[in-house]
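Take a look at the structure set out below.
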Amino acid sequence: SLSLSLSLSLSLSLSLSLSLSLSLSFIISCEHVSVSIVDDVLQIHVMEEKLKSANVQPSKSENSVYRRYQDLTNQVQEKDAVIKRLEVQLEKQILVRAQEAKIIEEKAAKIKDWVTFKLREVRSGLPLYPAAGPFTHLIYKNITVPVYTTLKGKATQISSEPLHDDDSGSEDDSGSLASLRTSTLGPERKGSTPGSPRAVKRGVSMSSISSESDYAIPPDAYSLESDYSEPEHKVQRTSSYSCESLREPEMLEKSGYLLKMGSQVKAWKRRWFILRNGEIFYYKSPSDVIRKPQGQVELNSSCRIARGEGAQTFQLITEKKTFFLTADSPNILEEWIRVLQNIFKVQASSPVTMETTTAKPTMRGWLTKVKHGHSKLVWCSLVSKVFYYYRNQDDKLPLGQLRMREVVVEEVDRSCDSDEDYEASGRGFLSSHCTLVVHPREQSPTYLLIGTKQEKDTWLYHLTVAAGSSASFKVGTEYEQLVGNLLDIEGDPDSALWRSEALCFCKDGLRSPLTTLPSEALQTEALKLFKSCQLFINVLVESPSIDYHMSLAQNALQVCLTHPELQNEMYCQLIKQTNRRTPHNSSLTQCWQLLAVCVALFLPQQHFLWYLRQYLQRHADPRSEVGKYAVYCQRSVERTLQNGEREAKPSRMEILSILLRNPYHHSLPFSIPVHFKNVTYQVVGFDGSTTVEEFLSTLTQRVGMRKPHLSGFALFTDDPSGRDLEHCLQPSVKICDVISKWEQALKELHPGKYEGTRIVRLMYKSRLCFRAQAKGETERERLLLTYQVNDEVHQGHFPVNKELALEVAALMAQVEHGDLDRPAPSSSASCSSPQPNTQQILLQALGRFYPKRYKQDCSMDQLRDLSERLATKWSVLSGCSASECVRIYLTVARKWPLFGAKLFHAKPLPPSSVEQSQVWLAVNEDGLCVLDYTMHLLVTYSYQSVITFGGCRDDLMVVVSQTNEQGGGKKSVEKLVFALPKPKVKKVTLISAFYFLYLKKQTKKKQFLLCHYGVLCID
């Protein structure tokens, strides 16, 4: 037994020493430790069990060795914990890196999508436009609230969408805005230096405003801190390029530092100037370009430049002000003067340049322009006989222009060029690109690189027509060449060209488009368009098929609005289908009806417009049914030329009116009722080109009211959703577009539910109220204003107590019904209560004219008592005329200081200083007023103190400056935020902007009168 215990002890000692050595080796090499430790621990446990069963007590040395073993085991466990902790940290870092990589990949994908979009615009079939159709920006859907800022007393829109907190909510932004109002608002905040990383990040591009990364999604590949000039890429010259006039392209954009002399404190201030799109903006530094500029200068033909006394100083003289500017060096001065002179030269030489935003382009698209070996991808637009090219699609001012009159346009034969010549240029232009050369007289040629043959043929045709040489070069389709030949002979009515087979009706369908189109996709769409027209023409118009015809017409014309390249094609097809067709045929009449719908929407371009006019002149005859349609089309063409083209497809009402009756018999073939607040209406006629301004001119003449800018009235529509919303219509909008967009919104909101049964509701009521307007009010205006004010009283938007509410309700009852008819009493019972018929009239008067909040909790007995009191007050007005009651009513109402203000229920939000939880916002000609829930005035912010106002996320934001009397007279900036429904936010913003505009005009008028009378006094 003893020998066995000794042997076990020796074995234990050996195993312990072995485990110790293995533990040490674990510390040195972690890879082999884990397996060895597990085996040794198992052996030790086995030995321990054997020792316990043998009842052998270990010695002190054995105990120390065992304790040493436990210490080493603890150290190993600690090492394991450290390793696990490091592994967790590593996993977290891997996740962070993966998220960063994902963000970078998303931004790279967006950049790739942008590049792909641009390439598709250049090379693909159907052209891509910013809006997919006329209903992208419906006035009844997707309400967006603009943001305005004040500059020199004028409200200027700085954003068409609400700002976010990161756009306008920072303290630094408020300080910047405050410094625009006055120089005494406080010390200037320290901004970022132009070379700091923060400035670099904030000045990368417009899309990087909300990004703190070096990756920026380019809106059109320009940088705010660059000089807006893309580097010109050299293209290897071939024998086709001319070396004449090797001058640099005219620059029309520039940015950089200049010293500007202050207007009040005559001291030089260093500012960052940006010249773009014919306007100059200046900021404190390049990092501030994402904020509101400190000022702006709009350049026009009246501006001029005068050099100063120093070599680096010049004056920019405008109509209103002279700017004294100094450059850092004479070379920089010359650069600025040269760019400004280029802009003045373009504006002076081309009066059409400033009208390119409204003029309809004949052709447009992305092309690569090559001149003097320099190439640039530009957005090109052919307007009338001028070829413009822009840096971006949305630019207002072109980089340059080419007048196409007497210009030679040819196609360059590239068959002898090799691909290597173009690949060596670095731009990847292959010989598959088509090339046109535009060669003006006594100037070097300009080359246009075009991606596809269809685009090349279209550009060649339109450029050749604009140059006036289409007949000699025989470009375009057979139909286009015949129209050009007719133009050359000035449309001789006896010419055999009018009877050419290609221009006349044919029973066979089209196999190819009649006009030159820039892509195969548009060519296919043109053939589909022909099939739609054939279905409209050949199916007889009857009651069951009217909706079918309406849908065909709307869809076909929508395609033409979406793709303007098809508009010439549409007219050519309709003219061909009506030319020399069998008379007295329903198909012929229906084709003319479709043409009558079309001429009110858009017109063909170039000589196709001449061809349309000649064709209508040949067929105009009031004695025949077809001739009457031709006369109507003539009138409609002139109206479309006068007021411009439409935005939306024709409405159901418009198509049905033309299908059901000949529009020749009415100068205004359409009509619609306009509703007033006194529950009356007036039917007003209009045509396809009538604007809201023309519509209101007809309305005001019929009802005996002043023009809207004098009366403050405006035209509103209801909302297709059925909610209690109203939309104010701008004067330039066309009535038919309003009706069409309303119908489209109704169809999208309630598909198939109200189609053909519900129409838009037009309302004419007061929108703006000025004290000066009361002098010239007509009787009809006072009557409608009285009803509108009483409607506000009824809704609880006008402060009246219960007694005054009964007084004004009696006045309105007298205006509405006249004297109260109360029969003579026959007994004491009948004397104490009104007759049943009279009681019903009194209850109706209470329901319409008495405030809802005062009678909502009334019992039947209380309502009878109110009726009695109302009857008593009404009886007192017996014999009083309606006009006299209206005068009394308005006299009482105008005693309230906020008469005419528009009230909105709102909830103040931080950081607003208003303590009440619920307030009223009142907008009138004096400013923005905040009232408590009982309509007592809390504070008034005049328009002179307002810096910025408009949408901020889903709320209303107003930034104001106030004088702090406790702070030594310094002005402080306060940001107010109120929670309102988004339609109300937009209404407050637009009404405030209109009041700003009115006050600006009144100020100018006062200054003019003061200056005029001052001169008279001096004389």
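The values are calculated or read from the model by the stated rules, or taken from the named source; none is laboratory data. Since we're looking at a predicted model, the values are computed, not measured. Note that we place each Cβ from the backbone using ideal geometry, even for glycine, and neighbour counts take in every protein chain shown. Surface areas here come from the heavy atoms of the whole protein model, side chains and all, with no ligands, DNA or RNA. Shrake-Rupley method; radii C 1.70, N 1.55, O 1.52, S 1.80 Å.
If the range 537-605 were replaced by its equivalent ellipsoid, with semi-axes equal to the square roots of 5 times the Cα gyration tensor eigenvalues, what would those be, largest first, whole Å? Spell out each step's value before the answer.
On the way: eigenvalues 85, 54, 13 Å².
Whole-Å semi-axes of the equivalent ellipsoid: 21, 16, 8.
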Looking at the range 272-326, which trypsin sites (Lys or Arg not before Pro) are DSSP coil and have at most 12 other C-beta atoms within 10 Å of their C-beta?
K320, K321
Report the Rg/Rh value for the range 664-713, based on alpha-carbon coordinates and the Kirkwood definition of Rh.
0.99
Accessible surface, 1.4 Å probe, highest first, among residues R767, R511, R635:
R511, R635, R767
The range 774-924, accessible surface, carbon-and-sulfur percent (1.4 angstrom probe):
52
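Between E884 and D857, what's the calculated FRET efficiency when r is the beta-carbon distance and R0 is 35 Å? Round to 0.05. Intermediate results must be reported in sequence, preceding the final value.
On the way: r = 34 Å, r/R0 = 0.98.
With R0 = 35 Å, the Cβ-Cβ based efficiency is 0.55.
Among 858-869, 396-407, how do they line up from the highest to the lowest mean number of other beta-carbon atoms within 10 Å? Let's see the in-between values first.
Working: 858-869: 13.3, 396-407: 18.2.
Sorting 858-869, 396-407 by mean packing, highest first, produces 396-407, 858-869.
So what's the net charge close to L641: Lys and Arg +1, Asp and Glu -1, counting the other residues with Cβ under 12 Å from its Cβ? Please list the in-between numbers first.
Values: positive: K360, R613, R635, R639; negative: E638, E645.
With Lys, Arg at +1 and Asp, Glu at -1, the neighbours total +2.
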M363 long-range amide H proximity, modeled H, under 5 Å:
L382
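To the nearest 0.05, how large is the calculated FRET efficiency for D488 and Q682 if R₀ is 35 Å and r is the Cβ-Cβ distance?
It comes out at approximately 0.10.
Give me the mean projected area, in nm² to one decimal, of the convex hull enclosing the Cα positions of the range 902-1015.
On the way: hull surface 35.0 nm².
Mean shadow area of the hull around the Cα atoms is 8.7 nm².
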Starting from the range 501-600, pick out the GluC sites (Glu not before Pro) whose DSSP state is loop and whose Cβ has at most 12 other Cβ atoms within 10 Å.
E542
Alpha-carbon centroid distance for the pair the range 686-714 / the range 534-601, whole angstrom:
32
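Could you order W874, W272 by accessible surface area, starting with the largest, using a probe radius of 1.4 Å?
Numbers: W874 5, W272 25 Å².
Result of the area sort, largest leading: W272, W874.
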How large is the translational diffusion coefficient of the range 254-348 in µm² per second when you combine the Kirkwood radius over alpha carbon pairs with Stokes-Einstein at 4 °C and 1.567 mPa s?
96
Tell me which residues come under 5 Å, amide H to amide H, from K970 once H is placed; ignore anything under 5 positions away on its chain.
N964
Enumerate the amide H contacts of L762 below 5 Å, restricted to partners 5 or more residues apart or on another chain; note that Pro and chain-start residues carry no placed amide H.
H675
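Applying 1/(1 + (r/R0)^6) with R0 = 41 Å to the Cβ-Cβ distance of L527 and A774, what FRET efficiency is obtained, to the nearest 0.05?
Working: r = 63 Å, r/R0 = 1.54.
After rounding to 0.05, the efficiency reads 0.05.
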For a quick check of understanding: with a 1.4 angstrom probe and all protein chains in place, what accessible area in square angstrom does L641 have, to the nearest ten?
80
When all protein chains stay in place, what accessible area (Å², nearest 10, 1.4 Å probe) is found for D724?
140
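Rolling a 1.4 angstrom probe over the protein heavy atoms, how many square angstrom per residue are accessible across the range 254-348? It would help to have the intermediate numbers written out before the result.
Numbers: 4530 Å² over 95 residues.
Spelled out: the 1.4 Å probe surface of the range 254-348, per residue, equals 48 Å².
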State in Å² the accessible area per residue of the range 902-1015; use a 1.4 Å probe, count heavy atoms of protein chains only, and round to the nearest integer.
51
The range 434-463 residues near the modelled E411 label - backbone nitrogen below 19 Å, point 7 Å along Cα→Cβ:
434-439, 446-463
Work out from phi, with θ = phi - 60° and the Karplus expression 6.51 cos²θ - 1.76 cosθ + 1.60, the ³J(HN,Hα) of each residue of the range 434-448, listed in order in whole Hz, and give x for Gly and Pro.
8, 10, 10, 10, 10, 10, x, 5, 6, 9, 6, x, 10, 9, 10
Could you check the spin-label model distance between D819 and H936? Points 7 Å from the Cα along Cα→Cβ, value in nm.
4.5
Phi-derived 3J(HN,Hα) across the range 537-545 with the Karplus relation (6.51, -1.76, 1.60, θ = phi - 60°), rounded Hz, x for Gly and Pro, is 7, 8, 8, 5, 6, 9, 3, x, 9
Once phi is turned into θ = phi - 60°, what whole-Hz ³J(HN,Hα) does the Karplus curve with 6.51, -1.76 and 1.60 give for every residue of the range 600-611, x standing for Gly and Pro?
7, 8, 8, 10, x, 10, 6, 6, 5, 5, 4, 5
Dividing the convex hull volume of the alpha carbon atoms of the range 670-768 by its residue count, what do you get in Å³ per residue?
102
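For the range 478-661, compute Rh as the Kirkwood radius over C-alpha pairs and then the Stokes-Einstein diffusion coefficient at 10 °C and 1.306 mPa s; write the answer in µm²/s, rounded to an integer.
On the way: Rh = 16.6 Å.
Reported coefficient: 95 µm²/s.
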